[in-house]
Every structure is written in C-alpha cells, then in structure tokens.
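Engineer: Sharing a structure, written as structure tokens. Questions coming.
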Amino acid sequence: MTGEESLRPQSLMLTFLGDQVLGRDVCVYSGSVIDVFARAGIGEQATRSTLTRMVGRDLLRRQREGRRMYFGLTDRSAAVLRDGERRIWQTGAVNRHWDGTWTLLGFSLPESWQRQRHDLRSQLTWSGFGPLFNGLWIAPGEVDVSALVAELGLSAHVKVFRAHADTGMDIGQMIEETWELSDLAGHYEAFVRRWQPWEDGLPEADDALVLRLRLQTEWLGIVRRDPRLPVKHLPDDWPADQAEKTFRSVHDRLSPLARDASERLLDLVPARPQA
C-alpha cells in the first residue's frame, strides 16, 4: 500500500473515528471532520460524500444538535474499529508464539462459479490464507472461517482442517512458494523509509494530528495484509520488527501534540441513545 492509497477518505475516516470517538460515547461535528481532513489534503466535498456513504453502510449515525450535524459510531463500525485496535496494539506484526498449527481449507466449486471462486479467494487472502495448491489453501494458526464461508453461501463446498507439518518438511520453502514475501517486505521497508525521519522530528501541533492519522492508517493497512507467518520460518532480515518499532516510536512522539490539537479543533457532544 502506498502512502497515497493510504489516504483514501474512508480509511482515514475510520482511523479518525477510532482515535477520537471509539470508547468515548461521543459524536463529532461534521465541520470538525472537514477541517481536519482539509489539513490532510482531502476536500470538503470528498469528506461530506464519505460521511454520507458511511451512514448508508451503517458505519456512522447522524445526530442533530440545533443547526449542526454530528456523527457517531454504530455497533458495526465500533466492532471494525476494535478489531483494528487489537490488530495494531495486541496482535502486532511479528508472530513469535506460533505453536506449529496450520489451518487447511479445501474447496471444490463448479467450473461455472467464477464469481464465487474469486470472492472466496479474495476473502481467504484477506484472512491470511495462501494457496498451497489449486483448491487447497493454508494459514498459520487456528483461523475460524465458518462465518466467512457461510456468508458466501459455500459451506457445502468447503472443508476445513487443523494440521501440523510432517517432520522434515521445509516450512520456510513452503512459505516462500505460497505467499508473496517480497511484496509484503517491500511494504514494511517503504513504511520505515517514510516514517523514520519523524522519530527525531516534531511537526506543528495541528500537523501532528493529521500525521498521526496517516501513520495509523498506513500501518493498519499493512498489518491487515500480513498473514502473520511464524517469524522463525521467515528470512533473517524480515523487516516487520523494525517497521513496528518505527510505528510505535513515531506514534509516541506525535501523540502529545496530536492530543492538544484534537482538543482545540474538535467539537464533540455526548452521544444520545438511538430510538
């Protein structure tokens, strides 16, 4: 994911909400959002249309206060944001505690089901799976895909197993053949190049808020694409650990200024119970 892609308005909006609204039982004024997003180079029309689309997708709810419109979280967006929070701060980017378990998923679909096959492969990739063979996919650890498969209507066509590799099997080679490691490593290396200068620098306070939003949005985009392969079977120079240290260091450095900016720039009101 490039720095430009990371600034898609909805991705940035979710980060902003997770940063400023999640767990606080508040709603944020649309004008405040427009102001912050303008500082990130996103125009008012794009911000307004993002808010409207997210309401339509049940990711935001509206709350009117006088002539002003405020936006708060729904149960759906709160769940998405809590998952992202766990991914960043608890799960992390480096899998040091793998117990040797793999999840194997086999599927057999009719030849004419091209759309269903594409959808299944996309969802499996997003869930950390890689194609071991044509109809057999594998992911590290115990991955629960029952909801994913049911939602696609493919439960009758999918079989899931837990497995361990046989003694003597070259897991490192299997990983290299199954996942695009160079692509993933490139994302981590690019992240370090972009953000390492901020480990020593300090921006203006208002810029710090936008910088921290960009930092978190880019980082979450990378770690969500990482299948969290066991680090002991990855190349010795695997860059995820350095990238995570850069993320945490820059986040810590920007946070005091970003908090000051948010207190000045954001108009928040208590969220009322929905009818």
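The values are calculated or read from the model by the stated rules, or taken from the named source; none is laboratory data. None of the values given here were measured: they were computed from a predicted structure. Cβ atoms come from the backbone with ideal geometry, glycine included; neighbour counts cover every protein chain shown. SASA here: full protein model, heavy atoms, side chains in, ligands and nucleic acids out. Shrake-Rupley method; radii C 1.70, N 1.55, O 1.52, S 1.80 Å.
Engineer: Checking SER122 against (1) at pLDDT 95 or above; (2) closer than 30 Å to ASP236 by Cα; (3) in a helix (DSSP H, G or I), which test does it fail?
Structural biologist: Evaluating SER122 over (1) at pLDDT 95 or above; (2) closer than 30 Å to ASP236 by Cα; (3) in a helix (DSSP H, G or I) leaves (1) as the failure.
Engineer: Right, here's the next one. Hey, any hits in segment 67-88 for a residue that's over 30 Å from THR125 (Cβ atoms), out of contact with any Lys or Arg (no Cβ under 8 Å at 6 or more places or on another chain) and loosely packed, with under 15 Cβ neighbours inside 10 Å?
Structural biologist: So in segment 67-88, the residues over 30 Å from THR125 (Cβ atoms) come out as 67-72.
Then drop every residue that is not out of contact with any Lys or Arg (no Cβ under 8 Å at 6 or more places or on another chain), which leaves 67-68.
Those left that are additionally loosely packed, with under 15 Cβ neighbours inside 10 Å: 67-68.
Among the residues of segment 67-88, at least one is over 30 Å from THR125 (Cβ atoms), out of contact with any Lys or Arg (no Cβ under 8 Å at 6 or more places or on another chain) and loosely packed, with under 15 Cβ neighbours inside 10 Å, which makes the answer yes.
Engineer: Return the residues of segment 71-119 that are of a type outside the set (Gly, Ala, Ser), within 25 Å of HIS233 (Cβ to Cβ) and in a loop (DSSP other than H, G, I, E, B); say none if nothing qualifies.
Structural biologist: VAL94, ARG96, HIS97, TRP98, ASP99, THR101
Engineer: Can we say LEU152 is more than 23 Å from HIS97 (Cα to Cα), in contact (Cβ under 8 Å) with a residue 12 or more places away in the chain and open to solvent by less than 80 Å² (accessible area, probe 1.4 Å)?
Structural biologist: On the way: more than 23 Å from HIS97 (Cα to Cα): yes; in contact (Cβ under 8 Å) with a residue 12 or more places away in the chain: yes; open to solvent by less than 80 Å² (accessible area, probe 1.4 Å): yes.
Spelling it out, LEU152 is indeed more than 23 Å from HIS97 (Cα to Cα), in contact (Cβ under 8 Å) with a residue 12 or more places away in the chain and open to solvent by less than 80 Å² (accessible area, probe 1.4 Å).
Engineer: With the requirement that a residue be modelled with pLDDT of 95 or more, not aliphatic (A, V, I, L, M) and not in a helix (DSSP H, G or I), what does segment 2-22 give you?
Structural biologist: If the condition is that a residue be modelled with pLDDT of 95 or more, not aliphatic (A, V, I, L, M) and not in a helix (DSSP H, G or I), then no residue fits.
Engineer: Okay, moving on. Mind checking whether some residue in segment 266-273 is modelled with pLDDT of 95 or more, among the β-branched types (Val, Ile, Thr) and surrounded by fewer than 20 Cβ atoms within 10 Å (Cβ to Cβ)?
Structural biologist: Looking through segment 266-273, at least one residue is modelled with pLDDT of 95 or more, among the β-branched types (Val, Ile, Thr) and surrounded by fewer than 20 Cβ atoms within 10 Å (Cβ to Cβ).
Engineer: Out of LEU105, LEU51, which single residue is open to solvent by less than 50 Å² (accessible area, probe 1.4 Å), among the aliphatic types (A, V, I, L, M), closer than 30 Å to PRO140 by Cα and in contact (Cβ under 8 Å) with a residue 12 or more places away in the chain?
Structural biologist: Numbers: LEU51 fails: closer than 30 Å to PRO140 by Cα.
Of LEU105, LEU51, the one residue that is open to solvent by less than 50 Å² (accessible area, probe 1.4 Å), among the aliphatic types (A, V, I, L, M), closer than 30 Å to PRO140 by Cα and in contact (Cβ under 8 Å) with a residue 12 or more places away in the chain is LEU105.
Engineer: Name every residue in segment 155-178 that is open to solvent by less than 30 Å² (accessible area, probe 1.4 Å) and more than 14 Å from PHE107 (Cβ to Cβ), in order of residue number. Step through it out loud before you land on a result.
Structural biologist: Looking only at segment 155-178, we keep the residues that are open to solvent by less than 30 Å² (accessible area, probe 1.4 Å), and these are 158, 163, 171-172, 174-175, 178.
Across segment 155-178, the qualifying residues are ALA163, ILE171, GLY172, MET174, ILE175, THR178.
Engineer: If THR246 satisfies all but one of (1) out of contact with any Ser or Thr (no Cβ under 9 Å at 6 or more places or on another chain); (2) closer than 23 Å to ALA261 by Cβ; (3) open to solvent by 10 Å² or more (accessible area, probe 1.4 Å); (4) part of a helix (DSSP H, G or I), what's the number of the condition it fails?
Structural biologist: In the conditions (1) out of contact with any Ser or Thr (no Cβ under 9 Å at 6 or more places or on another chain); (2) closer than 23 Å to ALA261 by Cβ; (3) open to solvent by 10 Å² or more (accessible area, probe 1.4 Å); (4) part of a helix (DSSP H, G or I), THR246 misses (3) alone.
Engineer: A follow-up question, please. Looking at segment 54-66 only, could you name the residues that are open to solvent by 80 Å² or more (accessible area, probe 1.4 Å) and either within 15 Å of ILE34 (Cα to Cα) or part of a strand (DSSP E or B) (or both)?
Structural biologist: ARG62, ARG64
Engineer: Next question, about the same structure. Scan (1) part of a loop (DSSP other than H, G, I, E, B); (2) in contact with a helix residue (DSSP H, G or I) (Cβ under 6 Å, 6 or more places away or on another chain) for the single condition ARG212 breaks and write down its number.
Structural biologist: Every listed condition holds for ARG212 apart from (1).
Engineer: Is at least one residue of segment 136-147 open to solvent by 60 Å² or more (accessible area, probe 1.4 Å) and not in a helix (DSSP H, G or I)? Before you say what the answer is, go through the steps one by one.
Structural biologist: Start the filter on segment 136-147 by keeping residues that are open to solvent by 60 Å² or more (accessible area, probe 1.4 Å), which leaves 142, 144, 146-147.
In the following step, the residues that additionally are not in a helix (DSSP H, G or I) were identified as 142, 144.
Scanning segment 136-147 turns up at least one residue that is open to solvent by 60 Å² or more (accessible area, probe 1.4 Å) and not in a helix (DSSP H, G or I).
Engineer: Here is a follow-up. Report the residue count in segment 181-202 for those that are surrounded by fewer than 12 Cβ atoms within 10 Å (Cβ to Cβ) and not in a helix (DSSP H, G or I).
Structural biologist: Residues in segment 181-202 being surrounded by fewer than 12 Cβ atoms within 10 Å (Cβ to Cβ) and not in a helix (DSSP H, G or I): 2 in total.
Engineer: Do you know which residues across segment 96-113 are under 24 Å from the mean Cα position of the chain (by Cα), modelled with pLDDT under 95 and of a type outside the set (Lys, Arg)?
Structural biologist: HIS97, TRP98 - these are the residues of segment 96-113 that are under 24 Å from the mean Cα position of the chain (by Cα), modelled with pLDDT under 95 and of a type outside the set (Lys, Arg).
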